[in-house]
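Input: a single structure, listed below in structure tokens.
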Amino acid sequence: MKEKNSQSAVVSEASSSETRPSSTVEDVQRHWQGVVKRRSFLKGLGMAGATLSAGALLATEGRAQTSGSKGRLSAGDVALLKFAAWAEVVEADLWTQYAELGAVDGGNPAYILALQNLDGDMPQYIRDNTDDALSHAAFINAYLISKGEEPVDLDAFRTLQGSQATGAKDIARITNLLDLNVDLTWYTRYRSGQNPDLGAHFKGPFTIKNQPAIPLNDTDTPPNQPQPVPPATPQEARMQAIANTAGFHFAFIEQGGASLYPTLALKASEEEVLRILISIGGVEIDHFGLWHDKSGNAVSQPLAGVVDPETGLTFPDLNNPPTELTQTNKILPEPCSFLSKSLPACSVIRPTLTQNGGAVATVKAFTADGLFKGQSDAFFKLAMKLAVAADSVKRGL
Ligand SMILES: [Fe+2]
């Protein structure tokens, strides 16, 4: 298991030479050698001490590196990375809210206990998924800057009120986790032999509508209450329903990433951009597999049957009766139709067509989820501008 304890450690790790792509490290070394050679040449001409400092030389080198045709990315690759950066900044914002309350270093004991009723390691997994999202956002933006492009900055949209419960920081947020409609069609989709890219439609096994995924405040859910299984009081049931919703929301978010990255990767031109998209995309898939498993524990014994006393949301027992499309331990993707119904079924990530799993589809799915409830028109305009640009990219080799 990986050990990650603080987000600052991860952010600095993402910018250390150890974790940079080797080609970037090589580029830096090559440029530095070029600078040294040129300085020797200028010294030989008797100019070095007069007007040129090493800093000025490096600045010149930096400009040469980013403005030459070799160092620049195509407009298409920039659009793909900018949308990925947007998605990761959004993801980092929502995961940070979960981590403040429910991670291993989180601050709401009752929420942590309720999450641990899904799996004792939930707080560690939340910490690690949060650090992964922060590292993805920091890396992609740093890569864009290294190529002379603008990073994606959503700080102007940190305007939403988050949780007021013990543990949550009193800061404005980009995303809203207080009133979610969690699309559960992924649960059925990955158990089915049909594929949305070949026209299939799915229904989730139950419905999560207008439900918080983090505690609202300490009156609604006291932070130091016990969380027995099954819950004994209305407030314990409320907190358990909130934690169960979070479990399903984690899987919803990450299955979105699992489809988005292959969809973006299919359009990449530069090999290094393709490498970034498939390498980060693989981690989204890893996250999805984990959360798929954990969320099933909310709808199997002994936890199944929790009812939220405020919203009436009920978590059924999906193993009673066990069926192909509901049984909770069927978490690995079922082989499905892929490319053509005349070919044999194949176990794949789905969807991966732009219209079903691309950038616009991602913005629409996150919006329908309620994740951006309260956001400004400018937020949605920017999101759709970046998404349309990414979806319009054609692979050019
Ligand atoms: Fe991510």
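Kindly provide the set of residues from segment 350-369 that are under 16 Å from the mean Cα position of the chain (by Cα) and assigned to a loop (DSSP other than H, G, I, E, B), ordered by number. Residues satisfying the conditions are Gly358, Asp369. Taking the listed residues Gly148, Gly193, Gly204, the one that is touching a residue at least 12 places away in the same chain (Cβ under 8 Å) and in contact with a strand residue (DSSP E or B) (Cβ under 6 Å, 6 or more places away or on another chain) is Gly193, with no other qualifying. Within segment 86-99, being in contact with a helix residue (DSSP H, G or I) (Cβ under 6 Å, 6 or more places away or on another chain) and within 14 Å of Glu284 (Cβ to Cβ) holds for Glu88, Glu91, Ala92, Trp95. The test for being touching a residue at least 60 places away in the same chain (Cβ under 8 Å), surrounded by fewer than 21 Cβ atoms within 10 Å (Cβ to Cβ) and either of a type in the set (Ser, Thr, Tyr) or within 24 Å of Glu88 (Cβ to Cβ) (or both) holds for Ala142.
Annotation: Pro223 fulfils all but one of (1) surrounded by fewer than 20 Cβ atoms within 10 Å (Cβ to Cβ); (2) under 25 Å from Gly358 (Cα atoms); the unmet one is (2).
In segment 317-349, the residue that is nearest to Lys267 (Cα to Cα) out of those that are loosely packed, with under 15 Cβ neighbours inside 10 Å and within 28 Å of the chain's Cα centre (by Cα) is Leu339. Looking at segment 100-122, which of its residues are free of Cβ contacts under 8 Å to residues at least 60 places away in the same chain and closer than 25 Å to Ile171 by Cβ? Ala103, Val104, Ile112 - these are the residues of segment 100-122 that are free of Cβ contacts under 8 Å to residues at least 60 places away in the same chain and closer than 25 Å to Ile171 by Cβ. Can you name every residue in segment 164-186 that is out of contact with any Lys or Arg (no Cβ under 9 Å at 6 or more places or on another chain), farther than 25 Å from Leu386 by Cβ and either in contact (Cβ under 8 Å) with a residue 24 or more places away in the chain or among the aliphatic types (A, V, I, L, M) (or both)? Of everything in segment 164-186, those that are out of contact with any Lys or Arg (no Cβ under 9 Å at 6 or more places or on another chain), farther than 25 Å from Leu386 by Cβ and either in contact (Cβ under 8 Å) with a residue 24 or more places away in the chain or among the aliphatic types (A, V, I, L, M) (or both) turn out to be Gln164, Ala165, Thr166, Gly167, Ala168, Lys169.
Any read-out appearing in this document is the output of simple, stated calculations on the displayed coordinates, not a laboratory observation. This structure is a prediction, so every number in the text was calculated from the model and none was measured. Quick reminder, even Gly has a Cβ in these numbers, built from the backbone with ideal geometry, and neighbours come from all protein chains shown.
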